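Below is one structure, written out as structure tokens; the observations come after it.
The values are calculated or read from the model by the stated rules, or taken from the named source; none is laboratory data. The structure presented is a predicted model; accordingly, all values stated were derived computationally and were not measured. All Cβ positions, glycine included, derive from the backbone under ideal geometry; neighbour counts span all protein chains shown.
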Amino acid sequence: MARLDDMSGELKVLGACPLDCPDTCSWVVRVKDGKAVSLRGNPEHPYTRGALCVKVNRYLEHAEAPDRILYPMRRVGPKGSGRFERITWDEALDEISARLTAIIDEFGGEAIWPYQGTGTLGYIQGEVGESGRRLWNALGASRHDLNICARAGNDGLRLTNGTPSGMDPETFALSRLILLWGTNTLTSGHHLWKFVQDARKSGAHVVAIDPIRTRTAEQADEHLPIRPGTDAALALGLLHVVVEEGAEDRDYLENHTVGWDEFKAEIMKYPPSRVAEITGLPEESIRALGLRLARTRPTGIRATMGIQRHSGGGSAMRTIACIPGVTGDWRHPGGGVAYSTSASFPLYADTRDDLLPKPVRKLTMTRLADGLSNTGLPVKCLWVYGANPLGSTSDQNRIRRAMARDDLFTVVMEQFPTDTVDYADIVLPATTQIEHIDLHAGYGHMYLMWNEPAVSPPGECLSTTETFRRLARHMGLTEPALYDSDLELAAQLLDSDDPALAGITLDRLRKEGWARLAVADPFVPFTGGFPTPSGRLEFVSDRAEAAGLPRVAGYVPSMTARTPVSERGPYPLTLVTPASHTFLNTTFGNNAELRRRAKAPRVLVSERDAADRELTDGQTVRVFNAHGEFTAELEISDRVRPGVVAAPKGHWPKLSPGGGNVNAVVEERDADLGRGPVYHDNFVQISPA
Ligand SMILES: Nc1nc2c(c(=O)[nH]1)N[C@H]1C(S)=C(S)[C@@H](COP(=O)(O)OP(=O)(O)OC[C@H]3O[C@@H](n4cnc5c(=O)[nH]c(N)nc54)[C@H](O)[C@@H]3O)O[C@H]1N2
Ligand SMILES: Nc1nc2c(c(=O)[nH]1)N[C@H]1C(S)=C(S)[C@@H](COP(=O)(O)OP(=O)(O)OC[C@H]3O[C@@H](n4cnc5c(=O)[nH]c(N)nc54)[C@H](O)[C@@H]3O)O[C@H]1N2
Ligand code: SF4
Ligand SMILES: [Mo]
């Protein structure tokens, strides 16, 4: 908690980075005379080790930025114009209560869509704890399915292992072969790198598998520039070599897995020669990596979300997860697969679903445009918080049209005037992390983190929980659970007999700022079996079949991978749209210095593809398909393979030339599991602007 620093007379307040990033850093805010004077990485935290990142180094500047929304506002111009007048909280809550009551009376509570995003991952204010859901339940609102980020991969891993959780990323220091697979470590969660470097000092070989030569690929010992959406084929090809070498762990297969015979038959269909054709990788590279995999224990695979933003992405994670089942790597610390540690934290927010007056429909986050166009039971109120769908969600132009609907009542709780805010009827000013209480779990480490507020909110900003408490009061709701304080909510979350929380109390967290889960160190998962129906790692799965996938893990090509150029019509190029180094999704997209560093929106194109179109380096181009277009500066680059072009996510549409970003060309189309999005699986064409 806050403590006085004798030397300077400043308070040191411990907090945690709330952003959707695996590293969930521990930070120290120094406060003098009620004002935050610095915010730095906590040198005492074993994962943060004193460093934040290029983005969050500017968090204080962000919280104090001149464009911060400080007061409730009512729209005065047409939807999309961004013209507002300041109103009081009472006026805002009166108007909201009246509109919600009228909507519920006429259409029922399900006409409300609580569209919560990943702006903060807190258990109290954010998406992990589904902040606000008690109130939505009391109003009978539709359920929101927050599947925009990691769902397809989560579900794929669940088929194989029963859980998305796996390795403790700190144990990569013990790996002897590291595959950084569809993950841009140095950009999207750089704290892992220190553990990778520790492993290297002991001789580990590091391979990046990514269609782009990212800054991570550049720093790796080897880079395999795979064709997007073909990862499962590569996994099978590597295992083909393992089996040829007789290096499968027969004891592990026998005692800890099911379906080996069928899976082996699947593997045998993918010799390196065939895999080379599918993946576009040289056969020798596949064979060489297969040999390394056969001979190196432990092998640690860091596979994150890039792999699964594809129509076959859930299956890709499912099949990659089979690798340690064959090699027996789960026996060793430093072996296995690390995707997300979220499910290792046994904290459950009591969302009080018993308050729902009747069962309600679920609306899918990745399908906002579709959902808003539903005419059967129309959405009449869209309530956006912690999200910027007009920047981050697929099919931007359709969303824009749907949000312009006159009969849609839109409320946005925000810190900044995003493109989404421009379509709000009422805007409510939201606190930042240095102004509210929260509790966090890392999804790339094993620590619970406490965030103590360091300063008072500026203007009339309120936290998510406080906003919903006030709205409940305004609507005359009497259910006591709607009024629990933040500390009461924290205590409820930690009230658990789970051994992983042994010794972790609210008092201790507030005092120390963080606590490692009470699990072995080094941590080896699955020593007591797998949480699957069979209790074993499942190469075959009835649940997969029920989900419409093959029973045996294998290769399900993405759309771009299975469509030959000759069948792509006017849009022959494959677009991938990964993390930007300087923004976090669209958060920080309005920061002047980070925008300067990001440079204008750009698209990386191979020399061949540029030459075919007579395009030159630095030229302003249109990247387009049937759904829309965005404008970008073309960069001729050998970082992308011919046929593939890359443009980062995160630029604000309204701050971009042409008024759109990459999501103008991303289709609203489902991945193979969990209705996940397909951000790296779209066809485009490029022409001069
Ligand atoms: N700086 C920064 N950090 C971030 C974010 C950010 O926006 N900026 N976003 C945060 C969030 S919300 C998340 S979910 C994580 C996401 O971070 P990551 O898990 O790293 O996900 P992506 O950036 O989508 O993709 C990672 C890499 O996968 C590659 N890739 C794309 N398609 C394929 C494929 O088919 N096969 C393979 N092998 N690779 C492929 C991309 O080229 C990219 O380099 O990062 C978080 N961290
Ligand atoms: N093309 C493409 N698009 C992508 C991706 C991709 O790889 N490619 N990645 C996807 C991924 S992984 C994700 S997770 C999504 C993220 O998409 P969103 O969940 O929409 O996240 P952001 O775009 O960062 O917008 C979050 C907003 O929440 C606000 N905010 C932050 N903290 C708070 C708070 O405490 N209270 C309130 N009320 N607001 C707050 C921020 O100011 C910000 O405007 O984007 C997806 N979009
Ligand atoms: S965005 Fe990630 S790396 Fe940066 S401070 Fe937050 S948790 Fe740490
Ligand atoms: Mo994400």
- Of all residues in the range 574-602, which are within 14 Å of ligand 1 (Cβ to nearest atom), farther than 18 Å from Arg215 by Cβ and not in a loop (DSSP other than H, G, I, E, B)? Thr574, Leu575, Thr587, Arg595
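Could you pull out the residue among Gly140, Gly182, Gly122, Gly108 that is on the phi > 0 side of the Ramachandran plot, surrounded by 24 or more Cβ atoms within 10 Å (Cβ to Cβ) and not hydroxyl-bearing (Ser, Thr, Tyr)? Give the steps one after another, and end with the answer.
Working: Gly140 fails: surrounded by 24 or more Cβ atoms within 10 Å (Cβ to Cβ); Gly122 fails: on the phi > 0 side of the Ramachandran plot; Gly108 fails: surrounded by 24 or more Cβ atoms within 10 Å (Cβ to Cβ).
Answer to the check: Gly182.
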- Query: Does the range 212-234 hold any residues that are charged (D, E, K, R) and in contact (Cβ under 8 Å) with a residue 60 or more places away in the chain, and which are they?
  - Reply: Arg213, Arg215, Glu222, Arg227, Asp231
- Task: Kindly list, by first and then second residue, each pair from a residue in the range 125-154 that is in contact (Cβ under 8 Å) with a residue 60 or more places away in the chain and over 11 Å from Tyr385 (Cβ atoms) to a residue that is assigned to a strand (DSSP E or B) and more than 10 Å from ligand 2 (Cβ to nearest atom), limited to pairs with Cβ atoms under 6 Å and residues at least 6 apart or on different chains.
- Result: Ala141/Ile112; Ala141/Pro114; Ser142/Trp113; Ser142/Leu363; Arg143/Lys362; Asp145/Lys362; Asp145/Thr364
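What number of residues within the range 160-181 satisfy the criterion of being charged (D, E, K, R) and assigned to a loop (DSSP other than H, G, I, E, B)? Give the derivation first.
First, pick out the residues of the range 160-181 that are charged (D, E, K, R): 168, 170, 176.
Right, trim to assigned to a loop (DSSP other than H, G, I, E, B) and you get 168, 176.
Within the range 160-181, residues that are charged (D, E, K, R) and assigned to a loop (DSSP other than H, G, I, E, B) number 2.
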- Task: Show the residue pairs that are 6+ apart or on different chains and have beta-carbon atoms under 7 Å apart, the first residue being within the range 41-66 and within 13 Å of Trp27 (Cα to Cα), the second being surrounded by 21 or more Cβ atoms within 10 Å (Cβ to Cβ) and hydroxyl-bearing (Ser, Thr, Tyr).
- Result: Gly41/Thr48; Asn42/Ser26; Asn42/Thr48; His45/Ser26; Tyr47/Tyr447; Thr48/Ser26
- Query: Under the condition of being surrounded by 24 or more Cβ atoms within 10 Å (Cβ to Cβ) and under 24 Å from the mean Cα position of the chain (by Cα), which residue from the range 416-428 is nearest to ligand 3 (Cβ to nearest atom)?
  - Reply: Thr418
- Task: Return the residue satisfying two criteria in turn: it lies in the range 383-398 and is touching a helix residue (DSSP H, G or I) at 6+ places or on another chain (Cβ under 7 Å) and farther than 21 Å from Pro601 by Cα, and of such residues it is nearest to ligand 1 (Cβ to nearest atom).
- Result: Tyr385
- Answer yes or no: is there a residue in the range 211-221 that is part of a helix (DSSP H, G or I), in the same structural domain as Ile286 (by TED's automatic domain parsing) and within 22 Å of Ala671 (Cα to Cα). no
- Message: Among the numbered criteria (1) away from ligand 1 (no atom under 16 Å from the Cβ); (2) closer than 27 Å to Ser131 by Cβ, which one does Pro43 miss?
- Response: (2)
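Would you confirm, using the coordinates I've provided, whether Val412 is under 25 Å from the mean Cα position of the chain (by Cα), closer than 28 Å to Gly306 by Cα and among the hydrophobic types (A, V, I, L, M, F, W, C)?
Values: under 25 Å from the mean Cα position of the chain (by Cα): yes; closer than 28 Å to Gly306 by Cα: no; among the hydrophobic types (A, V, I, L, M, F, W, C): yes.
Taking the combined requirement at face value, the residue does not satisfy it.
Is it true that some residue in the range 182-194 is assigned by TED's automatic domain parsing to the domain that holds Arg367, over 21 Å from Ala671 (Cα atoms), among the β-branched types (Val, Ile, Thr) and outside any loop (DSSP other than H, G, I, E, B)?
Kept after step one, since they are assigned by TED's automatic domain parsing to the domain that holds Arg367, are these residues of the range 182-194: none.
No, because not a single residue in the range 182-194 is assigned by TED's automatic domain parsing to the domain that holds Arg367, over 21 Å from Ala671 (Cα atoms), among the β-branched types (Val, Ile, Thr) and outside any loop (DSSP other than H, G, I, E, B).
So which residues in the range 612-647 are outside any strand (DSSP E or B), closer than 23 Å to Pro282 by Cβ and not basic (Lys, Arg), if there are any at all? Show your work before the answer.
If we filter the range 612-647 for residues that are outside any strand (DSSP E or B), which is where we start, we get 612-619, 626-627, 637-639, 641-643, 647.
With closer than 23 Å to Pro282 by Cβ added as a condition, the list becomes 637-639, 641-643.
Passing the criteria: Ser637, Asp638, Pro642, Gly643.
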- Residue check, Gly334 assigned by TED's automatic domain parsing to the domain that holds Lys264, in contact with a strand residue (DSSP E or B) (Cβ under 6 Å, 6 or more places away or on another chain), touching a residue at least 40 places away in the same chain (Cβ under 8 Å) and not in a helix (DSSP H, G or I): yes
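Residues to consider are Ser285, Ser273, Ser315; find the one that is under 19 Å from Tyr339 (Cβ atoms), of a type in the set (Ser, Thr, Tyr) and not assigned by TED's automatic domain parsing to the domain that holds Asp670.
Ser315
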- Taking the residues in the range 117-172 that are over 16 Å from Arg318 (Cα atoms) and of a type in the set (Lys, Arg) as candidates, determine which candidate is farthest from the chain's Cα centre (by Cα). Arg134
- Task: Name, by its number, the condition in (1) away from ligand 4 (no atom under 16 Å from the Cβ); (2) crowded, with 17+ Cβ neighbours inside 10 Å that does not hold for Leu19.
- Result: (1)
- Which members of the range 584-603 meet the condition of being buried (at least 21 other Cβ atoms within 10 Å of the Cβ) and not polar (S, T, N, Q)? Leu584, Phe588, Gly589, Leu594, Pro601, Val603
- Got a number for residues in the range 553-573 being within 16 Å of ligand 2 (Cβ to nearest atom) and in a helix (DSSP H, G or I)? 2
- Task: Give the residues of the range 207-262 that are buried (at least 21 other Cβ atoms within 10 Å of the Cβ) and basic (Lys, Arg), sorted by residue number.
- Result: Arg227
- Note on the structure: Residues in the range 403-425 that are outside any loop (DSSP other than H, G, I, E, B) and touching a strand residue (DSSP E or B) at 6+ places or on another chain (Cβ under 8 Å) total 9
- helices (runs of 4 or more DSSP H) wholly inside the range 272-320 that include at least 1 residues being out of contact with any helix residue (DSSP H, G or I) (no Cβ under 6 Å at 6 or more places or on another chain), among the hydrophobic types (A, V, I, L, M, F, W, C) and farther than 13 Å from Asp231 by Cβ: 283-295
